[in-house]
Amino acid sequence: MQYKSFKGLLLASAALTLLSTPLKAQDNSTETGTEAEKPSQQSAQKLAGPKIQTLDAISVTASRTEKLAIDSPASISIVTEQEIERRQAETVHDLLKDLPSVELEGGTRHTVIKPSIRGLGGQRVVTRIDGARQNFNAGHKGGLFVDPTLLKQVEVLRGPASTIHGTGALGGVVAFETKSADDYLEADEKYGAQISTGFSTVDNGVHGNITGYARPMDNIDLMASVTRRKTDDYDAGDGKKRAYTDDDLVSGLIKGGIDIADFHRIGLSYRLYRDDHNLPATPDGLSTSSIVERKSKEDSFVFDYRYDNPDNQWFDTSIKAYYDTTDIDEVRISDRRHQERTLETLGLEGFNTSYLSLHENAELAVTIGGEIFQDTQEGESNGAPIGGYPDAERNIYGVYLDNTLTLFEDLELTAGIRYDSYSLDADGQEDSEETSTSPRFAVSYQVLPFLQPYVSYAEAFRAPSLGETYASGLHFPGGGPIPNNFFVANPNLKPETAKTWEIGTNIKQDGLFMEDDSLRAKVSYFRNNVDDFIELDVDVSGGTTTSSNVTKARIQGFEAEIHYDTPTVYGSLSGSRIRGKNTDTSEALSGIAGDKAALMLGYHFQSINLDVGGRALAVREQKRVPNGNDEIDGYATFDVFTSWDADDYVPGLKINAGIDNILDKNYRRGAAVLDEPGRNFKVTASLKF
């Protein structure tokens, strides 16, 4: 087939998918990329090698200094752009489900998915998109609105991380980085475009994307991208459709950057998300008795400034300002009850790293930074307040100092501390104020050229949410002898705190079995003690619901992640085993996933740039559940994939295809109540021109 025929077919398919959306979803959206700082001299030497492995990708979540994930004394996983494309992900779950100690809460509907790390989910995980906090939380409504098509990379840091990331990082951090023009433009290109389209059989899904990018001047780059995705109700493994799982969304990104002089760069981005569909009022549950017409909307603006001069050891500076607004608008079909929940987050953060040579065998990286952000939420139901989502405001600021001392290029000592202060207030309610200090330290030593063991300690905190502190009004109506149930505010809530010890090792070896192979591995054991857990206490007979600090918990476990690459054969193996209990009662904790193992094997046909492979995911049944809770079944799923870079035959053409859940297994993940999709054939084709 001729090149023009391919181009015309793909363009027509993508345009048909995009243009079939209503004109109300015209907005485009953007985000700036995750930032990375310049490394010390020996770290720069490490970065000079070929980036073969997933764990050879750059990490910036564990510290503000740029470092390969495999060299960081922390549990870090990275999902690269290549893997995102290969998976043809519809949701974040498709990207993260194989990672050790990572689960996705909320079920299968796109807008209710939220990450959980080491048994801690919801607001106990910091989620950022291009550095901007994603703080929206409305109970059963979900809170993460991002389409994988726009993503370049996802980085997951497991374990407490408040020293760098502030409130909420008890379980860890999930950092999404969106694409920019530089990810598309070749060195000698001034402009270009990419179109893509694809389909999936399990939900009759279709999607299309059009992206344009340009470098009109040597120091200016621009990009705009829009994606349309439309699905029907999906079929589970039993062959039956799951009602109200269809979706219709538009996401967009506009991003630009200007290089000023040689070392200064400013960037501006706008990202949008629009989702319009009917679903249950509690979309993470099974009940379909209360169906709403729901419109989910998010707009995010990010401005960033970067100064990076390799010859200036004193200033390596980053400043980022962002504004994010999320809105859920619902009309209940049965009685036209209208509810709206909105959260606006305005934030500013910055840091500077200085690189000091104390001795020929001693280097010190000193990072000073700070963050301030404000959450303002409003909610109403037919013009009146909504129970559980009060009109309120939260203000948080923090400052931190983080130091990394490297001795003889092999011994690395890290120590940092952060101070945070927060205040919460709502009309007619008592103000709540508190402070928190979050220290951390880590020691790693390159015992052998391929072996780097480490030990670390970190503390984290989570400020109470506005809903937990100030919820009031009707929670649910009673019936018969059961009275109406009302929320009761509790402005005396303490912040949750976590203290974690972790021991682990990084393994990095090239030329293990042959000259051009490579092995990367991370293995760790952790113990996390969490105090002042905030739980929602529902007193059915008393007619009240209130949040309180009631639980002390201990979560401990083992994680491993191994990657092996050759020019032809590649693969990965990962697994996790977590145990959690209430240390006051010795009762098992909820939210702890079953033991998990994931395997991926692939083969690359070099002569035609074709990859084929498969994945297996096995999760053991979970019998360690709180008293009165049902045990959770285990499951195993198998996928196959193929990826063809057909540039030698049709310039700019790539095709990804695969079959998910090839055995058509009927299963549920974790504590979700909705079955997962069954066997799913899918294909995506993209063309650059």
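The values are calculated or read from the model by the stated rules, or taken from the named source; none is laboratory data. Since the structure is predicted, the reported quantities are computational estimates derived from the model, not experimental observations. Heads up, the Cβs are rebuilt from the backbone with ideal geometry, glycines too, and the neighbour counts pull from every protein chain shown. Please note that ligands, DNA and RNA were not included when accessible areas were found on the heavy atoms of the full protein model with its side chains. Shrake-Rupley method; radii C 1.70, N 1.55, O 1.52, S 1.80 Å.
Considering only residues in the stretch 341-357 that are touching a residue at least 40 places away in the same chain (Cβ under 8 Å) and more than 24 Å from the chain's Cα centre (by Cα), the one that is farthest from residue 388 (Cα to Cα) turns out to be 357. Of all the numbered requirements in (1) open to solvent by 70 Å² or more (accessible area, probe 1.4 Å); (2) hydroxyl-bearing (Ser, Thr, Tyr); (3) within 21 Å of residue 88 (Cα to Cα), residue 607 misses one, and that requirement is (3).
Pairs are defined by a Cβ separation below 6 Å, a sequence spacing of at least 6 or placement on different chains, a first member in the stretch 320-340 that is buried (at least 16 other Cβ atoms within 10 Å of the Cβ), and a second member that is basic (Lys, Arg) and in a strand (DSSP E or B); the pairs so defined are 327/297; 328/341; 329/295; 330/294. Answer yes if at least one residue in the stretch 475-498 is surrounded by fewer than 23 Cβ atoms within 10 Å (Cβ to Cβ), at pLDDT 90 or above, closer than 30 Å to residue 54 by Cα and within 24 Å of the chain's Cα centre (by Cα), and no otherwise. Looking through the stretch 475-498, none of the residues is surrounded by fewer than 23 Cβ atoms within 10 Å (Cβ to Cβ), at pLDDT 90 or above, closer than 30 Å to residue 54 by Cα and within 24 Å of the chain's Cα centre (by Cα). Looking at 427, 391, just one residue is within 31 Å of the chain's Cα centre (by Cα), open to solvent by 40 Å² or more (accessible area, probe 1.4 Å), modelled with pLDDT under 95 and closer than 30 Å to residue 477 by Cβ, and that residue is 391.
The set of residues in the stretch 148-160 being open to solvent by 10 Å² or more (accessible area, probe 1.4 Å) and part of a loop (DSSP other than H, G, I, E, B) consists of 160 alone.
Looking at the stretch 401-498, what strands (runs of 3 or more DSSP E) fall wholly within it and have at least 3 residues that are touching a His at 6+ places or on another chain (Cβ under 8 Å) and in contact (Cβ under 8 Å) with a residue 12 or more places away in the chain?
Those strands (runs of 3 or more DSSP E) span 485-487.
Looking at the stretch 511-532, can you tell me whether even one residue there is on the phi > 0 side of the Ramachandran plot and among the charged types (D, E, K, R)? Yes. Within the stretch 522-529, is there a residue that is more than 23 Å from the chain's Cα centre (by Cα), open to solvent by less than 50 Å² (accessible area, probe 1.4 Å), among the polar types (S, T, N, Q) and at pLDDT 90 or above? Taking every residue of the stretch 522-529 in turn, none turns out to be more than 23 Å from the chain's Cα centre (by Cα), open to solvent by less than 50 Å² (accessible area, probe 1.4 Å), among the polar types (S, T, N, Q) and at pLDDT 90 or above. Considering the stretch 277-293, and only residues there that are in contact (Cβ under 8 Å) with a residue 40 or more places away in the chain and farther than 18 Å from residue 234 by Cβ, the residue that is most open to solvent (accessible area, probe 1.4 Å) turns out to be 293.
Counting the residues of the stretch 540-563 that are open to solvent by 10 Å² or more (accessible area, probe 1.4 Å), assigned to a strand (DSSP E or B) and closer than 13 Å to residue 477 by Cα gives 1.
Set side by side, the residues 176, 145 differ, and just one is open to solvent by less than 10 Å² (accessible area, probe 1.4 Å) and assigned to a loop (DSSP other than H, G, I, E, B), which is 145. Of all residues in the stretch 571-604 being among the β-branched types (Val, Ile, Thr) and more than 22 Å from the chain's Cα centre (by Cα), which is least open to solvent (accessible area, probe 1.4 Å)? Only one residue fits best here, namely 583.
Residue by residue through the stretch 618-649, note down the ones that are small (Gly, Ala, Ser) and touching an Asp or Glu at 6+ places or on another chain (Cβ under 7 Å). Answer for the stretch 618-649, where residues must be small (Gly, Ala, Ser) and touching an Asp or Glu at 6+ places or on another chain (Cβ under 7 Å): 634, 643. Taking residues in the stretch 109-127 that are at positive phi and without any contact (Cβ under 8 Å) to a residue 60 or more places away in the chain, and partners anywhere that are part of a loop (DSSP other than H, G, I, E, B) and among the hydroxyl-bearing types (Ser, Thr, Tyr), not one pair has Cβ atoms closer than 8 Å while being at least 6 places apart or on different chains. Looking across the stretch 350-380, the residues that are charged (D, E, K, R) and open to solvent by 20 Å² or more (accessible area, probe 1.4 Å) come down to 360, 363, 378, 380. Selection over the stretch 295-319 of residues that are closer than 30 Å to residue 139 by Cβ, open to solvent by less than 60 Å² (accessible area, probe 1.4 Å) and out of contact with any helix residue (DSSP H, G or I) (no Cβ under 8 Å at 6 or more places or on another chain) gives a count of 4.
Scanning the stretch 271-326 for residues that are polar (S, T, N, Q) and in contact with a Ser or Thr (Cβ under 6 Å, 6 or more places away or on another chain) yields one hit, 296.
Looking only at the stretch 543-551, decide whether some residue is within 17 Å of residue 118 (Cβ to Cβ) and either at pLDDT below 95 or among the hydroxyl-bearing types (Ser, Thr, Tyr) (or both). Yes, because at least one residue in the stretch 543-551 is within 17 Å of residue 118 (Cβ to Cβ) and either at pLDDT below 95 or among the hydroxyl-bearing types (Ser, Thr, Tyr) (or both). Scanning the stretch 61-105 for residues that are of a type in the set (A, V, I, L, M) and more than 14 Å from the chain's Cα centre (by Cα) yields 62, 68, 69, 70, 74. Look through the stretch 504-521, keep the residues that are open to solvent by less than 40 Å² (accessible area, probe 1.4 Å) and in contact (Cβ under 8 Å) with a residue 24 or more places away in the chain, and return whichever of them is nearest to residue 71 (Cα to Cα). Here the answer is 506.
Filtered by the rule that a residue be at pLDDT 95 or above and aliphatic (A, V, I, L, M), the stretch 176-189 gives a lone residue, 181.
Table: residues versus (1) assigned to a loop (DSSP other than H, G, I, E, B); (2) charged (D, E, K, R); (3) at pLDDT below 95.
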| residue | (1), (2), (3) |
| --- | --- |
| 64 | yes, yes, yes |
| 73 | yes, no, yes |
| 82 | no, no, yes |
| 85 | no, yes, yes |
| 94 | no, yes, yes |
| 136 | yes, no, yes |
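Tally time: how many residues in the stretch 595-646 are acidic (Asp, Glu) and in contact with a strand residue (DSSP E or B) (Cβ under 6 Å, 6 or more places away or on another chain)? Number satisfying all stated conditions: 4. Taken over the stretch 89-123, residues that are buried (at least 23 other Cβ atoms within 10 Å of the Cβ), more than 26 Å from residue 294 (Cα to Cα) and in contact with a Lys or Arg (Cβ under 8 Å, 6 or more places away or on another chain) amount to 6.
Scan the stretch 174-206 for residues that are in contact (Cβ under 8 Å) with a residue 24 or more places away in the chain and more than 30 Å from residue 661 (Cα to Cα) and the total you get is 11. Out of all the residues in the stretch 183-222, which are touching a Phe, Trp or Tyr at 6+ places or on another chain (Cβ under 9 Å), closer than 17 Å to residue 686 by Cα and aliphatic (A, V, I, L, M)? If the condition is that a residue be touching a Phe, Trp or Tyr at 6+ places or on another chain (Cβ under 9 Å), closer than 17 Å to residue 686 by Cα and aliphatic (A, V, I, L, M), then 185, 193, 195, 206 are the ones that fit.
Taken together, the residues in the stretch 636-689 that are under 18 Å from residue 95 (Cα atoms), open to solvent by less than 20 Å² (accessible area, probe 1.4 Å) and in a loop (DSSP other than H, G, I, E, B) amount to 4.
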